[in-house]
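The structure appears right after this line, and notes come after that.
The values are calculated or read from the model by the stated rules, or taken from the named source; none is laboratory data. If you're wondering where the values come from, they're calculated on a predicted model, not measured in any experiment. Cβ coordinates were reconstructed from backbone atoms using ideal geometry, including for glycine residues, and neighbour counts include every protein chain displayed.
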């Protein structure tokens with residue numbers, strides 16, 4: 001990535017939000033990504049789920065690609081397509097081969113796109129899949145095609161016709177022209193001032209901030225390999241557009257509120273569960289990694305150290321300014337965010353909510369308390385599905401979370417009180 | 001020395017072992033470099049050796065074997081064991097005896 | 001059958017590590033015995049063994065080679081597993097040391113099954129509602145079991161409370177449940 005493009009990355013001081021070309025981005029692992037998309041499809045069905053996910057990806061990648069093309073002085077379609085591919089790969093999403101005509105139609109292919117490849121790795125030996133998974137690549141390819149040829153937003157649509165998750169040899173996205181659809185104005189760095197609050201200091205603040213800085217620096221050097229994948233901390237990692245995650249969650253929950261209000265609670269639980277999946281897999285594997293041992297310490301069994309570690313990890317991943325102002329080991333933990341990556345999007349797009357909507361943050365808070373109190377880190381635990389089930393399934397949880405304040409409702413902060421049952 | 005599979009997250013791609021003692025670490029790494037591994041230090045106290053498509057990540061006496069995700073499923077255990085044997089050979093070549101016969105945990 | 005009874009049935013079977021008795025057709029654990037504390041998830045194992053025998057029975061029937069005295073032998077890296085249908089109501093799965101000679105295992109299995117069969121009760125199986133069986137099936141086999149019921153709920157529009165009391169579901173709800181189960185498990189048909 002050239003210097004001009006690298007300089008498009010920024011950190012909002014005090015907020016622990018990260019931006020690329022003005023678009024907010026965060027790091028998530030393949031466990032989270034697959035669970036997130038699966039939950040969207042559960043709510044909407046595969047066809048509508050794919051349509052929403054690809055549309056959200058197209059909308060989320062457009063501002064980033066536009067900023068990159070501008071910074072690189074890329075004006076020709078061929079330059080833009082090449083640059084777009086490089087960016088997608090650098091973010092860990094895979095390296096598609098894009099072939100696009102001047103009318104915006106064409107194909108994108110790839111054998112190692114993040115979602116398809118990771119799905120096959122994780123689930124391929126357990127279940128068959130009838131539907132393609134790479135909506136993000138489809139949306140990205142559509143955005144690249146639109147911008148390469150100066151086409152209006154929403155005028156190209158990507159449809160995945162083959163997918164390695166369906167046991168095809170390679171993924172294949174077909175790009176076709178559609179009637180342009182108006183885009184919701186994407187949330188961007190310049191609008192954030194309206195939504196973020198002054199940072200507060202929590203317990204262990206100086207150490208949290210220092211570790212977050214160190215880990216952020218390390219993550220800044222992580223980029224996709226020759227296939228455009230990032231295999232780090234025992235997971236496949238992506239730097240991904242926060243607007244994608246937010247649009248897909250909020251739109252699917254709101255669709256369910258219209259269609260089937262009786263089961264909205266289950267959908268919200270699924271997205272909070274996605275927060276558990278994230279913390280267990282990404283945070284857990286970072287803490288157990290040799291890199292963490294080198295940068296911070298070999299993990300021990302002090303719950304406060306684990307909570308402190310998780311806060312630093314969350315900040316470094318671009319999740320926002322997470323802090324714990326109060327903790328009584330074994331009984332109670334209060335987690336607060338003065339900024340997180342969910343609330344600004346909701347407020348920007350829909351205005352105030354009548355109920356709490358920071359699903360990932362809430363799920364993550366509960367998971368942090370569980371990991372801190374129930375995992376024997378000193379024994380190098382195996383973070384597999386069976387262990388996840390033992391920690392988080394049914395009565396195994398042992399802890400409960402209550403949202404006492406939520407920024408999507410207009411509160412100053414989001415605050416989750418996690419208590420032992 | 002014992003080879004353990006980290007059953008977390010990606011299937012059979014990450015394995016771990018420990019070198020017998022601190023004094024073994026540097027001569028063992030040097031030996032592996034002499035045998036063709038490329039060495040980098042991305043973080044303080046952390047060494048990364050690239051061996052073919054795979055990597056060994058070393059911090060203290062802890063050694064994590066990270067196989068390339070392109071390694072076919074059925075070859076992952078074999079590849080991990082091959083690297084483990086190379087590591088034990090390097091420990092022995094470094095003039096130390098703590099490597100033992102090597103054991104693999106289930 | 002009490003634990004002591006099962007213990008008596010497996011007396012003198014040296015290389016035996018564990019026995020699981022599964023009640024059919026619901027694949028529920030009826031009883032189990034372990035020689036050492038291997039930390040087995042006995043209920044899950046009993047359920048898997050039951051499903052395996054059922055699939056095996058259907059496969060053999062499709063081949064036209066099913067007989068009631070069939071048994072499944074699995075030679076894994078760590079152990080030798082033999083699963084046998086005792087009668088239409090019970091399946092017995094036995095885990096032996098991997099080093100045990102197969103011939104001896106077969107002989108011991110035969111004697112042990114005779115003893116266990118005598119100890120098992122005569123039952124009139126009462127088929128449970130299909131909705132209940134579907135919920136149990138998807139909870140057991142879904143790739144993310146922790147989320148299975150929530151996934152089913154949003155896919156079907158059935159609340160968690162309805163799914164937890166699936167015996168009360170009407171035909172339309174059961175059909176939706178079955179359709180969602182197949183979708184989640186990537187199956188075109190279910191033999192539940």
Problem set entry | Verdict on residue A:260 being surrounded by fewer than 20 Cβ atoms within 10 Å (Cβ to Cβ) and at the interface with another protein chain (Cβ under 7 Å from one of its Cβ atoms) | yes
Exercise. Can you tell me which residues in the stretch B:36-63 are within 8 Å of chain A (Cβ to nearest Cβ), at pLDDT 95 or above and buried (at least 17 other Cβ atoms within 10 Å of the Cβ)?
Worked result: B:46, B:57, B:58, B:59, B:62
For this session: Scan A:311, A:371, A:317, A:366 and give me the residue that is buried (at least 24 other Cβ atoms within 10 Å of the Cβ) and within 14 Å of chain B (Cβ to nearest Cβ).
Result: A:371
Problem set entry | Boolean, residue B:32 is surrounded by 20 or more Cβ atoms within 10 Å (Cβ to Cβ), at pLDDT 95 or above, in contact with a strand residue (DSSP E or B) (Cβ under 9 Å, 6 or more places away or on another chain) and more than 11 Å from chain A (Cβ to nearest Cβ) | yes
Seminar exercise, completed: Residue count, the stretch A:121-171, condition without any contact (Cβ under 8 Å) to a residue 40 or more places away in the chain, buried (at least 24 other Cβ atoms within 10 Å of the Cβ) and within 14 Å of chain C (Cβ to nearest Cβ), comes to 0
For this session: Return the total of residues in the stretch A:124-157 being in a helix (DSSP H, G or I) and more than 22 Å from the chain's Cα centre (by Cα).
Result: 4
Exercise. Looking at A:226, A:205, which is the one that is within 14 Å of chain B (Cβ to nearest Cβ), out of contact with any helix residue (DSSP H, G or I) (no Cβ under 7 Å at 6 or more places or on another chain) and farther than 19 Å from residue A:9 by Cα?
Worked result: A:226
Problem set entry | Near pairs, Cβ below 7 angstrom, 6+ apart or cross-chain, from the stretch A:351-366 (closer than 23 Å to residue A:185 by Cα) to any residue that is surrounded by fewer than 18 Cβ atoms within 10 Å (Cβ to Cβ) | A:352/A:410
Exercise. Taking the stated definitions as given, is residue A:288 within 10 Å of chain C (Cβ to nearest Cβ) and touching a helix residue (DSSP H, G or I) at 6+ places or on another chain (Cβ under 9 Å)?
Worked result: no
Exercise. List, please: which pairs have Cβ atoms under 8 Å, are six or more places apart or on different chains, and start with a residue in the stretch A:5-16 that is outside any strand (DSSP E or B) and end with one that is exposed (fewer than 14 other Cβ atoms within 10 Å of the Cβ)?
Worked result: A:14/A:198
Problem set entry | Criterion (more than 14 Å from chain A (Cβ to nearest Cβ), modelled with pLDDT under 90 and surrounded by 18 or more Cβ atoms within 10 Å (Cβ to Cβ)) met by exactly one of C:120, C:107 | C:120
Seminar exercise, completed: Expected single match for under 14 Å from the mean Cα position of the chain (by Cα), modelled with pLDDT of 95 or more and farther than 24 Å from residue A:43 by Cα among A:283, A:271 is A:283
For this session: Answer yes or no as to whether residue A:378 is within 14 Å of chain B (Cβ to nearest Cβ) and either surrounded by fewer than 24 Cβ atoms within 10 Å (Cβ to Cβ) or part of a loop (DSSP other than H, G, I, E, B) (or both).
Result: yes
Seminar exercise, completed: Among residues of the stretch A:186-222 being assigned to a loop (DSSP other than H, G, I, E, B), exposed (fewer than 15 other Cβ atoms within 10 Å of the Cβ) and touching a residue at least 24 places away in the same chain (Cβ under 8 Å), the residue farthest from the chain's Cα centre (by Cα) is A:201
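This table checks each residue for (1) assigned to a loop (DSSP other than H, G, I, E, B); (2) more than 30 Å from residue C:130 (Cβ to Cβ).
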| site | (1), (2) |
| --- | --- |
| C:17 | no, yes |
| C:32 | no, no |
| C:40 | yes, no |
| C:47 | no, no |
| C:72 | no, no |
| C:85 | no, no |
For this session: Report yes if residue C:138 is more than 16 Å from the chain's Cα centre (by Cα) and either within 14 Å of chain A (Cβ to nearest Cβ) or modelled with pLDDT under 85 (or both), otherwise no.
Result: no
For this session: Give the residue, chosen from C:131, C:93, that is over 23 Å from residue A:393 (Cα atoms) and away from chain A (no Cβ under 14 Å).
Result: C:93
